[in-house]
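A.B. asks: My questions all concern the structure below.
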Amino acid sequence: MEQDMSRGWRWYLGLILLAVAGYFLTPADSWTQTVYAELVGLAATGAIVVGVVRYRPAAKAAWLWFAAGQLLNVLGTLVEAVIGRVLHLETWPSVADVLWLGLYPGLVIGLYLLIRRRTEGHDWGGLVDATTITTGLGLLSWVFLIRPVADDSSLPLLARVVSIAYPVGDLLVLAMVTRLLVGAGSRSPAFRLLAGALVLYLAGDATWAVINYVGAEPGATAVKLLQMNFLTAYVLVGAAGLHRSVREVGERAGQRMVRLSPALLTLLTVASLLAPGILAFQVWRHQITDGVAIVVGSVALFLLVVTRMAQLMRQIERQSKQLSQLVRVDELTGLANRRAWSVELPVAIERARRDRVGLSIAMLDLDHFKRFNDDYGHQAGDRLLKSAAAAWSAALRAVDQLARYGGEEFIVLLPGATAELAAGVMERLRGVTPAGQTFSAGVASWDGNETSEDLIARADQALYQAKEAGRDRILVAAEPAPTRMQPSTAPMASDAT
């Protein structure tokens, strides 16, 4: 069945894209052209519904909102044709505008549901990025599209409201698209098709906005190409909904790492420079008409950039702490590793020297661990190491510190403990060693002078002797021999005289 649906998807995409290309051959401003566009749009909308029913994606409501918004937009073209060719009315705005504008809530609500479904927790980085881009482009839209229409007293109020609704709708869609693209989650074929369709929607509207701003009159060919752009967007949304990867689009993503890709950094830079760019343009024209809007936009963009920098700094700090933790912690057992131990033992010795208290260490080695691995497998060996580390940690005193020294070898720091006390603690650990396993241990007490390397060497030697004596035992290292002063062979000053 999956293979049949995949073949059907390819047939759908190939045929309907061919139909979009055929739109170029239809007579301009004719019923043939209108019906042709309606059939393409309805087929694409139906493909979304078929995909939702067939694959039951996690974000089913989002795709139904996409279908509803697209359907309203498709019907708007039909209603416009009826008003102009059947009723012979030249009204603007009309019911067709209401239907065309219906695309925006369908896309915005659908994208919101999709983003919420894909996002785990609060993705503040993605939110700031999307807000920055939308703020910059929103200022651009205000200066060149919204404010001129709002100030045009020659237009009726309803006409001004409808004219402003189009760029506002585009900004809302842009904000949601940006938020979707910068967020975490699967980039499946369905996701890419949907993103491509949304970019085409926005590109088409932006092109019409530029044409209207400069007062150009596009020819029939240009109008057909722009209409084909929107038909292609319909087709891609349908292809996204009908593709089997539509199920992955709504899957919840893991926590997003705050980072800036080169493309995103470029886009954020351009958005941040739009405010001074607009100001420079108006200064060049000797006509600053949007000073307040530019100031507000500049302040907003500055605060957003500062917020983003603060997020990145916090992320760097967290990563630094995590890296420091990873360097000092054994990944398998969660204990301190040899590197951390090498730092901690000299500190503990200095503390014992200052407080004039005892200090002991013990080195442990699981007996016949290689044989255990060979008999039960390396995964079982890993489980033994983890469970032994947990059991031993629970049996130690609160002040003691257990570390993994390497392989099946562990080392324990016992502050304030004599050799006898340390040996007793080790006996307690023998009783909780899991899976019926045993260990050998060597205990050494600091003599008040030796270095950390010398202390470890004595404990290691005692461990070696315990293993040589038959394993499954604890041996206490002998006290180091006192250092003897060698008589000097140099002549005394009195002898020289």
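A.B. asks: Please work out the Cα center distance from segment 99-129 to segment 66-95, rounded to the nearest Å.
C.D. replies: 27
A.B. asks: Using modelled amide H (1.01 Å from N, peptide plane; none on Pro or chain starts), what sits under 5 Å from the amide H of Asp367, excluding residues fewer than 5 places away?
C.D. replies: HN-HN under 5 Å from Asp367: Thr438, Phe439, Ser440.
A.B. asks: Next question. What size of dipole, in debye to the nearest 20, comes out for segment 275-339 about its Cα centre when the only charges are +1 on Lys and Arg C-beta atoms and -1 on Asp and Glu C-beta atoms? All intermediate terms of the calculation are to be shown ahead of the outcome.
C.D. replies: Values: 8 positive and 4 negative charges, 58 e Å.
Roughly 280 debye for segment 275-339.
A.B. asks: Which far-off residues, 5 or more places away or on another chain, put their amide H under 5 Å from the one on Leu359, with H placed in the peptide plane?
C.D. replies: Gly416, Ala417, Trp446
A.B. asks: So how much slack lies between Gln325 and Val299, counting 0.36 nm per residue of separation and subtracting their Cα-Cα distance, in nm?
C.D. replies: 5.5 nm
A.B. asks: Please get the size of the charge dipole for segment 74-174, origin at its Cα centre, with Cβ charges of +1 on Lys and Arg and -1 on Asp and Glu, quoted in debye to the nearest 20.
C.D. replies: Once rounded to the nearest 20, the dipole reads 200 debye.
A.B. asks: Which of Leu345, Gly297, His286 sits closest to the plus end of the dipole of segment 283-387, meaning its Cα is farthest towards the positive end, when Lys and Arg get +1 and Asp and Glu get -1 on the C-beta?
C.D. replies: Among Leu345, Gly297, His286, the one farthest towards the positive end of the dipole of segment 283-387 is His286.
A.B. asks: Roughly how many whole Å is it from the C-alpha centroid of segment 308-377 to that of segment 223-282?
C.D. replies: 45
A.B. asks: Now, a different point. May I ask you to list the lysines whose Cα is less than 30 Å away from that of Lys321, ignoring any residue fewer than eight positions away on the same chain?
C.D. replies: Lys321 reaches Lys386.
A.B. asks: Check cross-link reach from Lys467 to the aspartates and glutamates: straight Cα distance under 17 Å, and skip same-chain residues fewer than eight apart.
C.D. replies: Straight-distance partners of Lys467: Asp365, Asp367, Glu408, Glu409, Glu427.
A.B. asks: Give me the extension gain from Ala195 to Ala469: residue separation times 0.36 nm, minus the current Cα-Cα distance, reported in nm with one decimal.
C.D. replies: 91.5 nm
A.B. asks: Spelling out what I want: for every residue of segment 178-193, take phi, set θ = phi - 60°, compute 6.51 cos²θ - 1.76 cosθ + 1.60 (Karplus), and round to whole Hz; glycine and proline get x.
C.D. replies: Those phi angles translate into 4, 4, 5, 6, 7, x, 7, x, 5, 9, 6, x, 5, 4, 5, 5 Hz.
A.B. asks: What accessible area per residue comes out for segment 266-340, rounded to a whole number of Å², with a 1.4 Å probe?
C.D. replies: Value returned for segment 266-340: 68 Å² of accessible area per residue.
A.B. asks: Given axes a ≥ b ≥ c from the Cα gyration tensor, I'd like to know whether segment 140-181 is rounded (a/c under 1.5), prolate (a/b larger than b/c) or oblate.
C.D. replies: oblate
A.B. asks: Turning to a different aspect of this structure: Against the longest principal axis of the chain, how steep is helix 103-118, in degrees 0 to 90 to the nearest 10, with axes from Cα atoms?
C.D. replies: Taking the Cα atoms of the chain, the angle to 103-118 is about 10 degrees.
A.B. asks: Within segment 386-473, what whole-number % of the accessible surface is contributed by carbon and sulfur, with the 1.4 Å probe and all protein chains included in the calculation?
C.D. replies: Here carbon and sulfur together make up 48 percent of the probe-accessible area.
A.B. asks: In whole Hz and in residue order, list the ³J(HN,Hα) couplings for segment 74-89 that follow from phi through the Karplus curve 6.51 cos²θ - 1.76 cosθ + 1.60, θ = phi - 60°; x for Gly and Pro.
C.D. replies: Going residue by residue, I get 5, 5, x, 5, 5, 4, 4, 5, 5, 4, x, 9, 9, 8, 6, 10 Hz, with x marking Gly and Pro.
A.B. asks: Stokes-Einstein at 37 °C, 0.692 mPa s, Kirkwood radius from Cα pairs: D for segment 164-263 in µm² s⁻¹?
C.D. replies: 214
A.B. asks: Please name whichever of Leu25, Val50, Val35 sits farthest to the positive end of the charge dipole of segment 1-67, dipole taken about the Cα centre and charges placed at Cβ: Lys and Arg +1, Asp and Glu -1.
C.D. replies: After comparing all options, I get Val50.
A.B. asks: Something else now. Amide H to amide H, which residues 5 or more places from Val329 or on other chains are under 5 Å from it, using H placed in the peptide plane?
C.D. replies: Hits under the 5 Å cutoff: Asn337.
A.B. asks: If you don't mind, there's one more thing I want to ask. If you fit an axis through the alpha-carbon atoms of helix 419-430 and take the longest principal axis of the Cα set of the chain, what angle between them do you get, 0 to 90°, nearest 10?
C.D. replies: Tilt relative to the chain: about 50 degrees.
A.B. asks: Using a 1.4 Å probe, what is the accessible area per residue for segment 27-186, in Å²?
C.D. replies: Working: 7280 Å² over 160 residues.
For segment 27-186, the solvent-accessible area averages 46 Å² per residue.
A.B. asks: What's the carbon and sulfur percent of segment 48-100's accessible surface, probe 1.4 angstrom, rounded to a whole number?
C.D. replies: Values: 1920 of 2770 Å².
That fraction is 69 percent.
A.B. asks: Calculate what fraction, in whole %, of the accessible area of segment 128-181 sits on carbon and sulfur atoms when a 1.4 Å probe is rolled over the protein chains. Intermediate results must be reported in sequence, preceding the final value.
C.D. replies: Numbers: 1690 of 2230 Å².
Carbon and sulfur together cover 76 percent of it.
A.B. asks: Moving to a separate point now. So, with +1 on the Cβ of K and R and -1 on the Cβ of D and E, and no other charges, what is the size of the charge dipole of the chain about its Cα centre, to the nearest 20 debye?
C.D. replies: 640
A.B. asks: Using θ = phi - 60° and the Karplus curve 6.51 cos²θ - 1.76 cosθ + 1.60, what whole-Hz ³J(HN,Hα) does each residue of segment 338-353 get, with Gly and Pro shown as x?
C.D. replies: 5, 4, 5, 4, 4, 7, 6, 4, x, 5, 5, 5, 4, 5, 5, 5
A.B. asks: Return one whole number: the accessible area per residue of segment 378-488 in Å², for a 1.4 Å probe.
C.D. replies: It amounts to 52 Å² per residue over segment 378-488.
A.B. asks: In bins 20 Å wide, starting from 0, what share of all Cα pairs of the chain does each bin hold, as a percent?
C.D. replies: Result returned by the calculation: 18, 31, 20, 19, 10, 2, 0.
A.B. asks: A further question follows. Using a ≥ b ≥ c from the Cα gyration tensor of segment 307-429 (square roots of the eigenvalues), is it rounded, prolate or oblate, where a/c under 1.5 gives rounded and otherwise the larger of a/b and b/c decides, a/b for prolate? Before the final figure, lay out the partial values.
C.D. replies: On the way: a/c = 2.80, a/b = 1.20, b/c = 2.34.
It comes out oblate by the Cα gyration axes.
A.B. asks: Oh, and also: Place +1 on the Cβ of every Lys and Arg and -1 on the Cβ of every Asp and Glu in the chain, take the dipole about the Cα centre, and give the residue among Leu114, Leu260, Ala423 whose Cα lies farthest towards its positive end.
C.D. replies: Toward the positive end, the furthest listed residue is Leu114.
A.B. asks: Follow-up. Could you sort Met363, Met313 by their accessible area in this structure, using a 1.4 Å probe and putting the largest first?
C.D. replies: Values: Met363 0, Met313 110 Å².
Descending accessible area places them as Met313, Met363.
A.B. asks: For Val199, what is the net charge nearby, where nearby means another residue's Cβ is under 13 Å from its Cβ and Lys, Arg count +1, Asp, Glu -1?
C.D. replies: Numbers: positive: Arg192; negative: Asp170, Asp205.
Once positives and negatives cancel, what remains is -1.
The values are calculated or read from the model by the stated rules, or taken from the named source; none is laboratory data. Computed from a predicted model, the values in this text were never measured in an experiment. Cβ sites come from the backbone with ideal geometry, for glycine too, and all protein chains shown count toward neighbours. Accessible surface is based on the protein model in full, side chains and every heavy atom, while ligands, DNA and RNA are left aside. Shrake-Rupley method; radii C 1.70, N 1.55, O 1.52, S 1.80 Å.
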